[in-house]
Amino acid sequence: MYLANPFKGLRPKGAEASSVSLPSTDHLSEEMISDYKGNNPWSYLNIFSPEDPCSKTDSELEAEAREKFGAMKSSSAIAKDLEKAFYIYKISTEGHSQVGMIATAKISDYDDLHIRGHEKIYVENSQKRFEQIKNLNAQIGPIYVVYPDEAKLASLLEEQITVEPTYSFDAIDGCQHQLWVIDGEDTVLQIRELFNAIQRTYVADGHHRIAALSRFAEYRKHQNHDHTGEESYNFFMMALFPESQARILDYNRLVKDLFGYSPSDFIEKVEEHFIVEKQNAPYKPTALESFGMYLDNTWYSVILKDKPEEALSGLMNLDINILHHYLLDPVLDIGDPRRDTRIGFIAGFHGLESIEKKVDSGEVEVGFSFFPTPMEHVINFADKNLTMPPKSTWFDPKPLDGLVAYDFED
């Protein structure tokens, strides 16, 4: 059995690629979403971000999504490849590029921890993903997976992208996306065998989606009395990138109020465990165990005074845990970040100015900037079968949804 497998991708034809596929909606404002849907009738946004969702029942929304998905296929805006293929995928942005591939893996490889996750999930979000997958009988976006560097595989992939790509365009996430379809029998076999030497891979982004896909496989199994384990629903689609090329950005925190403290009293409480110094410019930490803090129109550096205590050693001293243990919980009374409505999250690609805007507008009272979680922390947590707190990592750039989709029609 192979860890990475070719498949017949369901994908846009010709120039439709840029208008059909979509980035994470975290990149998009409501106005951008509305404009993009209007200008791109075959965009998957019209399925996943319907007009006036509050005015329709869940059943009506599901029926509308199925109808639009069916129309995309019948119009040939998207079509299924006739041959199984690997899809080499290059994403480029300013100062960074990464080359990987889109493939399928058995869902049992996730269940058996050959493909390992590192984040806790929100049950309601996973359930929403499950309902979407079941409704369309397809996986539209890949699970973003990283794998240990493999020199021979990297060399082979680079050889394959010296020719003209099948797709090459700048998407609304500000990145260039390029795709090559690799369906030559010898090359496909070579990629499979090289990748099979890699014993373990790691989910970077898509924890809710892969949990939903695992449930979906079990759901379909219960429907099929002739289940063999080789049906298409036993597999899922992933975008695989080498560990050294995947980039993690900071994932910052916003807190609505100071739990009754004045700004000066709050800073005094923070100084019990941290060295707090006023800064003349937005402060982005340059090392672990340090934070930026924006409060009352002022940036501060916030650096832990002493080594974290023994109680945190089992959590590998993640900065997220450090800030929670010494500041968010005891000073601001922030509980479980998955449920506490007083804390919010903002990805680093928005820049530190996004923290300033939220605080200056009065929407929140204080914001914290983080040093990005190192890749080795992600891998160490996954290898120990531990989970990081929610919103621990922001992998960027991300693969597009819908550039290649995987349907479960056998």
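The values are calculated or read from the model by the stated rules, or taken from the named source; none is laboratory data. Everything numeric in this text was worked out from a predicted model, so none of it was measured. When we count neighbours, we look across all protein chains shown, and the Cβ atoms used for this are built from the backbone with ideal geometry, even at glycine.
Pairs needed: first member in region 275-294, exposed (fewer than 13 other Cβ atoms within 10 Å of the Cβ); second member anywhere, of a type outside the set (Phe, Trp, Tyr); C-beta distance under 7 Å; at least 6 residues apart or different chains.
Note: pairs meeting the criteria are 277/301; 278/298.
I'm trying to understand the selection: among the residues of region 245-265, which are assigned to a loop (DSSP other than H, G, I, E, B) and not basic (Lys, Arg)?
245, 246, 250, 257, 258, 259, 260, 261, 262
Of all residues in region 291-315, which are of a type in the set (Gly, Ala, Ser) and at pLDDT 95 or above?
Scanning region 291-315 gives 292, 301.
Where in region 125-235 are there helices (runs of 4 or more DSSP H), lying fully within it, with 2 or more residues that are surrounded by 16 or more Cβ atoms within 10 Å (Cβ to Cβ), over 23 Å from the mean Cα position of the chain (by Cα) and in contact (Cβ under 8 Å) with a residue 40 or more places away in the chain?
Fully inside region 125-235 and qualifying: 151-160, 185-196.
Quick check on my filter: what residues within region 397-410 are within 16 Å of residue 22 (Cα to Cα), touching a Ser or Thr at 6+ places or on another chain (Cβ under 8 Å) and either free of Cβ contacts under 8 Å to residues at least 60 places away in the same chain or in a loop (DSSP other than H, G, I, E, B) (or both)?
Matches in region 397-410: 397, 398, 400, 402, 403.
Considering only region 86-104, how many residues are of a type in the set (Gly, Ala, Ser) and surrounded by 23 or more Cβ atoms within 10 Å (Cβ to Cβ)?
The qualifying residues number 2.
List the helices (runs of 4 or more DSSP H) inside region 5-86, counting only whole elements, that have at least 3 residues being over 25 Å from residue 395 (Cα atoms) and among the aliphatic types (A, V, I, L, M).
Fully inside region 5-86 and qualifying: 58-74.
Quick one: which of 349, 381, 368, 345 is more than 19 Å from the chain's Cα centre (by Cα), among the aromatic types (Phe, Trp, Tyr) and either surrounded by 15 or more Cβ atoms within 10 Å (Cβ to Cβ) or in the same structural domain as residue 308 (by TED's automatic domain parsing) (or both)?
368
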